[in-house]
Amino acid sequence: MKQTAAASERNRGPILEVLSPLLPEAGRILEVASGPGIHVVAFAEARPDLDWQPSDPDPHARASIAAWIAERRLANVAQPLDLDVTRPDWPDDAVGPFDGLVTVNLLHVAPWAACEGLMAGAARLLAPGAFLFVYGPFMRDGRHNSEGNRQFDRSLRAQDPALGLRDLNDVTDCAAHSGLALEAIVEMPANNRSLVFRQG
Ligand SMILES: C[S@@+](CC[C@H](N)C(=O)[O-])C[C@H]1O[C@@H](n2cnc3c(N)ncnc32)[C@H](O)[C@@H]1O
């Protein structure tokens with residue numbers, strides 16, 4: 001059941017470095033699109049004093065997350081929720097307020113409606129002043145920041161024209177529309193970026 005992912009194992013350290021200073025002293029953090037669960041396990045082990053809520057719409061991903069939770073005996077990680085950000089009805093258990101929301105490598109592998117759903121959901125569920133952390137490859141002002149990302153974008157759009165790398169301007173506009181203010185853009189290894197938004 002337990003899945004691994006080389007990219008997630010590589011980026012969890014750099015992500016945790018940016019995420020750590022954002023984390024509150026106490027509270028609940030929701031992860032959207034947890035995938036195999038590599039990140040939530042690393043985050044929960046780094047901060048056992050916080051309560052972590054993973055989620056993913058894919059049942060195989062949820063089985064993997066549950067297997068990781070069981071193997072690591074993580075008492076501070078809830079069972080994964082079936083949460084698709086494009087759906088208007090988020091699960092009843094995803095009841096806010098949350099003190100932070102994290103998502104890694106979602107926006108380029110889902111239609112644009114996922115960005116709209118993520119921002120609207122974050123605005124609904126986050127406590128005042130709580131953060132939204134979004135990690136992935138992004139364009140800026142319509143330009144890619146590496147040839148690798150350009151090719152990746154092309155291959156995603158060839159699979160499905162609704163997918164592909166998003167532009168930072170579009171993502172921040174979408175966030176602002178839901179009342180989330182851009183706080184920071186952090187350049188990350190392998191031409192990725194971390195975006196930090198703040199609930200008003
Ligand atoms: C590239 S994987 C990243 C997984 C994990 N965050 C990581 O970095 O290891 C993308 C994940 O997004 C999930 N996903 C796709 N569409 C989604 C949606 N509309 N709402 C929530 N999650 C979605 C997929 O099921 C998949 O697990």
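The values are calculated or read from the model by the stated rules, or taken from the named source; none is laboratory data. Note that the coordinates shown come from a computational prediction; the quantities given were computed from them, not determined experimentally. Every residue, glycine as well, gets a Cβ built from its backbone with ideal geometry; the counts of neighbours run over all protein chains shown.
Taken across region 63-84, residues that are within 16 Å of the ligand (Cβ to nearest atom), within 22 Å of Leu180 (Cβ to Cβ) and either charged (D, E, K, R) or surrounded by fewer than 20 Cβ atoms within 10 Å (Cβ to Cβ) (or both) do occur, with at least one present. In the set Gly136, Gly148, only one residue is among the small types (Gly, Ala, Ser), at pLDDT 95 or above and touching a helix residue (DSSP H, G or I) at 6+ places or on another chain (Cβ under 8 Å); that residue is Gly148. For region 184-200, give me each residue that is farther than 26 Å from Ala7 by Cα and either within 16 Å of the chain's Cα centre (by Cα) or free of Cβ contacts under 8 Å to residues at least 24 places away in the same chain (or both). Those that are farther than 26 Å from Ala7 by Cα and either within 16 Å of the chain's Cα centre (by Cα) or free of Cβ contacts under 8 Å to residues at least 24 places away in the same chain (or both): Arg198, Gln199. Do we find that Gly164 is in a loop (DSSP other than H, G, I, E, B), under 17 Å from the mean Cα position of the chain (by Cα) and more than 15 Å from the ligand (Cβ to nearest atom) in this structure? Taking the combined requirement at face value, the residue does not satisfy it. Here Met1 clears all of (1) in contact with a Leu (Cβ under 8 Å, 6 or more places away or on another chain); (2) more than 13 Å from the ligand (Cβ to nearest atom); (3) assigned to a loop (DSSP other than H, G, I, E, B) except the condition numbered (1).
The residues listed here are Arg166, Arg157; of these, the one that is in contact with a Leu (Cβ under 7 Å, 6 or more places away or on another chain) and touching a residue at least 40 places away in the same chain (Cβ under 8 Å) is Arg166.
Scanning region 111-124 for residues that are near the ligand (Cβ under 10 Å from one of its atoms), among the small types (Gly, Ala, Ser) and within 12 Å of the chain's Cα centre (by Cα) yields a single hit, Ala114. Restricting Ala190, Ala181 to residues that are of a type outside the set (D, E, K, R), outside any loop (DSSP other than H, G, I, E, B) and on the phi > 0 side of the Ramachandran plot narrows the list to Ala190. Checking each residue in region 1-37 for being among the β-branched types (Val, Ile, Thr) and more than 18 Å from Pro137 (Cβ to Cβ) picks out Thr4, Ile29.
Has region 11-23 got any residue that is among the hydroxyl-bearing types (Ser, Thr, Tyr) and within 12 Å of the ligand (Cβ to nearest atom)? No, because not a single residue in region 11-23 is among the hydroxyl-bearing types (Ser, Thr, Tyr) and within 12 Å of the ligand (Cβ to nearest atom).
Summed over region 107-138, residues that are in contact with a strand residue (DSSP E or B) (Cβ under 7 Å, 6 or more places away or on another chain) and under 19 Å from Glu183 (Cβ atoms) total 19. Taken over region 140-162, residues that are of a type outside the set (S, T, N, Q) and closer than 15 Å to Asn105 by Cβ amount to 4.
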